[in-house]
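The structure under discussion appears below in the form of structure tokens.
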Amino acid sequence: MKEFAKFIQKKIPFYYGWIIVTGSGSSMFVRNSAATLTIAVFVYPMSENLGWSRTVIVGASSLAGILAIFISPLSGWLIQKYGTKITLLISV
């Protein structure tokens, strides 16, 4: 893997970590789009069964996305410092 990283560093005129950032951002965009479209199917039945307004349900979904923006760097730092296993055990 280190050989591949050195090969990429020589071939592109910028830091190759930006490729990872772009790929991660793109995958998050696709995942969030799918999650938003999926929640739309359940909003009306959930509002009827729970007695909540559709605004509250969709607002909670939006709030979760906004909180993920701020929690993601923290979780990345925790994974880097303590490792994946410990971070996942604590988060569960």
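The values are calculated or read from the model by the stated rules, or taken from the named source; none is laboratory data. Remember, predicted model here, so these are calculated numbers, not experimental data. Counting neighbours? That spans all protein chains shown, and the Cβs are built from the backbone with ideal geometry, glycine included.
Tabulated data
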{"read-out": "Residue count for segment 39-92, restricted to those that are touching a helix residue (DSSP H, G or I) at 6+ places or on another chain (Cβ under 6 Å), of a type in the set (Gly, Ala, Ser) and modelled with pLDDT of 90 or more", "value": "1"}
{"read-out": "Pick from segment 46-92, criterion surrounded by fewer than 12 Cβ atoms within 10 Å (Cβ to Cβ) and of a type in the set (Phe, Trp, Tyr), ranking: farthest from ARG31 (Cα to Cα)", "value": "TRP77"}
{"read-out": "Selection from segment 7-16 of residues that are surrounded by 10 or more Cβ atoms within 10 Å (Cβ to Cβ) and assigned to a helix (DSSP H, G or I)", "value": "PHE7, ILE8, GLN9"}
{"read-out": "Residues of segment 17-45 classified as among the hydroxyl-bearing types (Ser, Thr, Tyr) and surrounded by 11 or more Cβ atoms within 10 Å (Cβ to Cβ), total", "value": "3"}
